[in-house]
Amino acid sequence: MAADATPHAPPRSLEPAPLAGAPAPGAGGDGDKGNGTAASTALPGRARVSRNADVVQTWASLIALGVLVVVFAAISPQFRTLGNLQQIIDAAAVLAVLATGITFVLLLGAIDLSLPGVIGACAMTVSLLVANSRNDNDLGLLGVGLTIGLGAMFGLLSGVLSTRLRIPTFMTTLGMSAIGIGIATILFGGSRPVVLDENLNAWATSRIGGFTLMSLIAVAAVATGWAIQRWTRVGRYAAAIGGGEDIVALSGVSVARYKALAFGVAGAFYGLGAVMVTARLGSGVVEAGAGLDFAAITAAVIGGTLLSGGRGGVLQSMIGVVALTVLANGLILTGVSPYVQQAVQGVIVVLAVAVAVWPVRHRLGVVK
Amino acid sequence: MDDDTGTSTPAPVLAVRGLTKRYPGVLALDGMDLEVRPHEVVGLIGENGAGKSTLLKSLVGLARPDAGSIAVRGETVRLRGVAHAASVGIGMVFQEQSLVPNITVAENIMLGSEGAGVRGGLFRWKRMAELAQVQLDKIGSAVSPRARTDSLTFAQRQMVEVAKVLALEERTAHEPVVLLDEPTSVLERDEVETLFAQVRRLRERASVVFVSHRLDEVLEISDRVYVLRNGRVVAEVNPAEVDATDLHHLLIGRESTHSHYHDDAQQEAAGEVRLSVRDLQTAGCDKVSFEIHVGEVLGVAGVQGSGREELCRALFGAVPRARGQVLLDGKRVKLDSPRGAVLAGIGYVPSERRTEGVVSAMSVKENLSMAHVGAVCRGPMIDGRREHDLVDKWVSRLGIRTPSGDTRIGTLSGGNQQKVVLARWMISDHLRLLILDHPTRGLDVGAKSEVYELIRELAASGCAVLLLSDTLEEALAMSHRVLVMKDGQVTACLDAPRGAKPDPVAIMEAMV
């Protein structure tokens, strides 16, 4: 079919006909600055949109969470019990730690798909370092520390590979995930190591004030993550790099170094998450991290962390974590089929991303 | 450093000698000599391509000169990058805003050199704010260091950038040299006044290099002005002794009009109107109205920020939220997508050839048939033979030097790539208007001449052409009429018939 040059459609009128002399309508409802010349107010207005988008997004996430809570509470009496609250927090613990970690990577504007592999390798590692059914190790907390360190090494490696070899993080971390699964499978060696360390098993079982030890560890980890984001160079620079990598580089900051460090921080949180999963399962499992990458990214995005970087943070991601957990919990309590639940989660993440980029959609340009 | 009010010339803070930088096909700096003395504002003016931006880049270590030297306080330096330049006391306020929007003002000012603001790896926010406040106080800015940067107006951000550059002082133990690259291009008149007040204050503690397209501003603020042309300094003037007209003459130079514009091929334009634009309104363009006739080349002249780039992108439907009435052969065209523009018979040759003009990993063939794949299709499938024939026809017709249609276009020279881009639009029988955004940018003289010839042919065949030129000379030589834009508005429209081209000075006066 030859490209026809004449548009056959009847000439539809251009929508807002510009009125001579009338003040230019502010670009998209943000114009509270006095209208000077229409052309030049457009630029500051755009900056304002993104500023507002930040606040709007956080509120939107909170409101969405509120709506979920209200709806489920209205439908299910079981939902509105203290016991269920404790259950939700316990169920959110692992995801909260992982989402805290991945937030640092997403702030950069990068992506991290290494989570399943890193968790697999770390889960096998910790189960073989603490008292277990396979060997005579009994390193206890030291084993936990080493595992967190291993997670950090994985992250650093992803970061260094991405920055030094200039491979997209999408690809390096996907490869890193496969490497992690490979290592985990070798460590697994055919028989599952059962965790015999009482202290570690107690993470999932013993309760303080009705909350599992794991919930409290998660809260402490999230607080640490928030502190890293707020007070350390790696945290601040991660956000700055996401906001304008070239500018940060032009200021003389070694962008590659802080990118790698941000991946390292993320990896350390994955390591802790792997320990928590292992405590919950009571044994080392290769697939301990399956699906958690999607859940962690979903949580961060629902909370308002922008995949293009520079926006969001640990606390915002936590809104997403709680929202996802409440959703799963509520869907179960209201009797929705588990088969449908996953589809619902998928729909929600796409919607969340659409809402998040809506205010800035004109500036995104080519979407890949 | 001593305050110098005497008549003797003080030793320069910054001395550039014989600086030369060659890019492929372009001699960007051709033995440039200039110096900056303590506590003075040096103005730099020149047309696009005169070498201003390459000079500035060399001064902050973003470009490595091929020859010549840069001396700071008498010591020759080879600058390795922005951080290195900063360590010897040279800082630049970049033309495009160089602040990270999503962090605080204090962080931006201190970025990369937090000093006492970070201790033991931890940010001390109070200390950061105090340190940043010191810099903000130097220029008397009322911006809060704790404010998020994207909550500021453009003028405020420009001040923060200056404060950021001033923070250099703390690191060098010398008074810095501050390079301001087009700092006023996004500012309103009253904001410019504020900036100028700050620049005068800045002069007390630093030397300033001020680059602007706006001559009146350069004359107003500078103590000395260098006029650049073709990569060298062609004049050093005292602003008190010259007026804008003198500068216009210096800017344009005397050598001009070459036969490579194919002047004789300029034909009379037909009477009927091809494109009529009324009150086009978009970011950077304010109520622009004009017409182009069948077979006419309309040049659009203007400096950076004049809105002419925005104008041509808007006409091609590539700018969101453009409004206005656009009639093509009397029919309304919606400005909502490039697709719509192509269907209406509009073609666009973008200025960024490598990123927007060609897909360098694809073949000449694919690049050529890209916009009108329909022409080589049989049903839903691309007909290989038809495509092949079409490409062969155009390759020989335009003299595109390529081994074959299957060659990767990225391996061809710039001129041949550009000819493919032109052919992409010329293959359509329905082409009514071709928008050329800097079609000869980065091409050598021979390739330029060939492109000019093609433009003449196109116009002769009845196509209307909207031409944004690299140089004023090119716009004048190629166009039937020249539209002059300034600050988003049309300030003049001059006839440029063959043999009676208008005086470039008149156009320059309407531009700046």
Inverse of <1/r> over all distinct C-alpha pairs of the range A:82-179, i.e. the Kirkwood Rh in Å, gives 15.0 Å
When the scattering of the range A:56-358 is computed by the Debye formula from its Cα atoms alone, each counted once and equally, what is log10 I(q)/I(0) at q = 0.09, 0.12, 0.14 Å⁻¹? -0.43, -0.77, -1.03
Divide by every residue of the protein assembly as shown the summed helix terms, -39500 (n - 2.57) for each DSSP H run of at least 4, and state the resulting mean residue ellipticity at 222 nm, rounded to the nearest 500 deg cm²/dmol. -15000 deg cm²/dmol
Summed over the other residues with a beta carbon less than 13 angstrom from that of B:P65, with K and R at +1 and D and E at -1, the charge totals +4
Convex hull (Cα only) mean projected area of chain B, reported in nm² to one decimal: 26.5 nm²
Report the net charge of residues surrounding A:L129, where surrounding means a beta-carbon distance below 12 angstrom and charges are Lys +1, Arg +1, Asp -1, Glu -1. -2
Considering only DSSP states other than H, G, I, E and B, which GluC sites (Glu not before Pro) in the range B:73-158 qualify as loop sites with at most 16 other Cβ atoms within 10 Å? B:E96
Do the alpha carbons of any pairs in B:K365/B:K486; B:K393/B:K486; B:K419/B:K501; B:K52/B:K486; B:K21/B:K501; B:K448/B:K486 sit beyond 31 Å of each other, and which pairs? B:K365/B:K486; B:K393/B:K486; B:K21/B:K501
Take the range B:398-512, drop everything but the C-alpha atoms, weight them equally and run the Debye formula without solvent; then report log10 I(q)/I(0) at 0.13 Å⁻¹ to two decimals. -0.57
Straight-line reach only, C-alpha to C-alpha below 17 angstrom: list the lysines that B:K334 could link to, leaving out same-chain residues fewer than 8 apart. B:K287
Only counting other Cβ atoms within 10 Å, I'd like B:I45, A:I332 sorted with the fewest neighbours first. A:I332, B:I45
Square roots of 5 times each gyration tensor eigenvalue, C-alpha, the range A:125-271, largest first, Å: 33, 21, 10
Using the Cα centre of the protein assembly as shown as the reference point, and only Cβ charges (+1 on K/R, -1 on D/E), how large is the resulting charge dipole? Debye, rounded to the nearest 20. 2380 debye
So which lysines pass the test for B:K138, namely a Cα distance under 20 Å, with those fewer than 8 places away in the same chain ruled out? B:K126, B:K164
May I ask you to order A:75-81, A:301-307 by the average number of other C-beta atoms within 10 Å around their residues, highest value first? A:301-307, A:75-81
Out of all Cα-Cα pairs in the range B:14-252, roughly what percent, to the nearest whole number, are more than 25 Å apart? 41 percent
Taking only Cα atoms of the range B:272-511, what ratio of Rg to Rh do you get with Rh as the Kirkwood inverse-distance radius? 0.97
Looking at B:G345, B:P504, B:S413, which one has the Cα that reaches farthest to the positive end of the dipole of the range B:272-511 (charges on Cβ: Lys, Arg +1; Asp, Glu -1)? B:G345
Report, in debye and to the nearest 20, how large the dipole of the range A:209-295 comes out about its Cα centre when Lys and Arg carry +1 and Asp and Glu carry -1 on their Cβ. 280 debye
Residues B:E366, B:E509 in order from fewest to most other beta-carbon atoms within 10 Å are B:E509, B:E366
In Å, what Rg and Dmax follow from the Cα atoms of the protein assembly as shown? 31.4, 97
Can you tally the net charge around B:G271? Count Lys and Arg as +1, Asp and Glu as -1, for every other residue whose Cβ sits under 12 Å from the Cβ of B:G271. -3
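Read-outs throughout are calculated quantities, based only on the coordinates presented, and are distinct from any laboratory measurement. For clarity, every value in this text was computed on a predicted model and none was experimentally measured. With ideal geometry, Cβ positions are generated from the backbone for all residues, glycine too; neighbour counts draw on all protein chains shown.
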